[in-house]
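To start, the structure under review is shown below, and the notes come after it.
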2 protein chains.
Amino acid sequence: MKVDSTDLRVLSRAESMQLLASAPLGRIVFTDRALPAIQPVNYALDGERLVIRTRAGSKLAAAVRDAVVALEADAFDEAGRTGWSVTVIGHACAVPEGREEFSRLAHLPLAPWMPRDGQRPEHRDHYIVLPVEQISGRRVEAYF
Amino acid sequence: MKVDSTDLRVLSRAESMQLLASAPLGRIVFTDRALPAIQPVNYALDGERLVIRTRAGSKLAAAVRDAVVALEADAFDEAGRTGWSVTVIGHACAVPEGREEFSRLAHLPLAPWMPRDGQRPEHRDHYIVLPVEQISGRRVEAYF
């Protein structure tokens, strides 16, 4: 069993991908006006890429355009003091409406949590694609 | 009701602080070898400061020394599509063993999830104090 410097069990890439696929949402980390920012997002796995659906005019869409970003997903059981956390790092790219890939991404099981009015330009869908360039996962197991 | 550009309800500072106090853990965002990094942490509120307990020799302890960091906590109900997210930004500072403040922080209700062996130098406690300089909170409510 491989452990890191804080005795957490290091997960393999396969285990990490599997846990990532099981989580209903994650948190994307980006830079907003030179400060760290975190925002919960729901995502879908599309092979070795994460796909995030946002609005065309959102702060997130603007901030992660061609930026290196991280996405973290986790699940913890407070009572049992167990859980896991997986982080992906990659170079995000935007897929706005009109791109060839857009209609394929629109078929992913990726429902927005917020209502959208497709007639309003700022409500138009916009996808962020994050290739899984680096992935790391840790698991905390019940020790006491 | 104040909403942001994505129609999420903007929480007041008081509501955000209250939710922050209710969460069992959060995620700290920092920079590790020029890349974004996220790590789940448990924390306690000490007035207008967040206190995080880590190990003296941890990557986290080294990375957030005198850095501007963010800490996010959230809770979501996938079925109901409701939830909240609060992010704090502040200038972190370290309180290693020996500092006057250390023994006071050691009395906070802040149990580490991982076992510690106080005889091993790298297992010694080390606190990170994060003043709540900026706090922002959003709530998603059931629309459909």
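The angle separating the long axis of helix B:13-22 from the principal Cα axis of greatest extent in chain B is about 60 degrees. Residues B:Glu72, A:Glu97 ordered from highest to lowest accessible area at a 1.4 Å probe: A:Glu97, B:Glu72. Accessible area per residue for segment B:63-112 is 48 Å², calculated with a 1.4 Å probe on protein heavy atoms, without ligands, DNA or RNA. For segment A:9-140, the residue among A:Ala63, A:Ala14, A:His126 whose Cα projects farthest onto the positive side of the dipole built from Cβ charges is A:Ala63. Approximating the spin labels as points 7 Å out from Cα along Cα→Cβ, the A:Ala75-to-A:Ala56 distance works out to 3.6 nm.
Shown in residue order for segment A:56-68 are the 3J(HN,Hα) couplings computed by the Karplus curve 6.51 cos²θ - 1.76 cosθ + 1.60 at θ = phi - 60°: 3, x, 6, 4, 4, 4, 6, 6, 9, 4, 6, 10, 7 Hz (x for Gly and Pro). Using a probe of 1.4 Å, the accessible surface attributed to B:Lys59 totals some 100 Å² when neighbouring protein chains are kept in position.
Calculated [222 nm] ellipticity per residue, helices only, for chain A: -3000 deg cm²/dmol; basis is -39500 (n - 2.57) per DSSP H run with n ≥ 4, divided by all residues, nearest 500.
Taking the 1.4 Å solvent-accessible surface of segment B:9-140 as the whole, the part contributed by carbon and sulfur is 50%.
Could you work out the relative contact order of chain A, using alpha carbon pairs under 8 angstrom and six or more residues apart, expressed as a whole percent?
Numbers: 281 pairs, mean separation 45.3, N = 144.
It comes to 31 percent, rounded to a whole number.
Computed with every protein chain present, the accessible area of A:Ser22 is close to 80 Å² [probe 1.4 Å]. Residues of segment A:52-80 with an amide N closer than 12 Å to a point placed 7 Å from the Cα of A:Glu101 along the Cα-to-Cβ direction: A:52, A:66. Heavy atoms of the protein only, probe of 1.4 Å, neighbouring chains included. What is the accessible area of B:His123 in Å², nearest 10? The accessible area of B:His123 comes to roughly 10 Å². Once the partner protein chains are put back, segment B:10-27 shows a loss of at least 20 square angstrom of accessible area, versus the chain by itself, at B:Pro24, B:Leu25, B:Arg27 (probe 1.4 Å, ligands and nucleic acids excluded). Rounded if a/c is under 1.5, else prolate if a/b beats b/c, else oblate: with a ≥ b ≥ c from the C-alpha gyration tensor eigenvalues square-rooted, which is segment A:22-108? Because a/c hits 1.5 or more and a/b fails to exceed b/c, segment A:22-108 counts as oblate. With a 10 Å cut-off around each Cβ of A:40-52, the average count of Cβ atoms from other chains is 1. Summing Cβ point charges (Lys, Arg +1; Asp, Glu -1) relative to the Cα centre of segment A:25-144 gives a dipole of roughly 260 debye. Note on chain B: GNM, Cα springs under 10 Å; of B:Ala56, B:Ala14, B:Ala70, the largest mean-square fluctuation is that of B:Ala14. Considering only B:Glu101, B:Glu133, B:Glu78, the Gaussian network model of chain B with Cα springs below 10 Å gives its largest mean-square fluctuation to B:Glu78. Look at the Cα gyration tensor of the protein assembly as shown: its axes a ≥ b ≥ c give a/c of at least 1.5 with a/b over b/c, and that counts as prolate. Chain B and chain A together bury an accessible surface of about 3400 square angstrom, both sides counted, with a 1.4 Å probe and no ligands or nucleic acids included.
The values are calculated or read from the model by the stated rules, or taken from the named source; none is laboratory data. Since the model is a prediction, treat every value here as computed from it, not as a measurement. All Cβ positions, glycine included, derive from the backbone under ideal geometry; neighbour counts span all protein chains shown. Please note that ligands, DNA and RNA were not included when accessible areas were found on the heavy atoms of the full protein model with its side chains. Shrake-Rupley method; radii C 1.70, N 1.55, O 1.52, S 1.80 Å.
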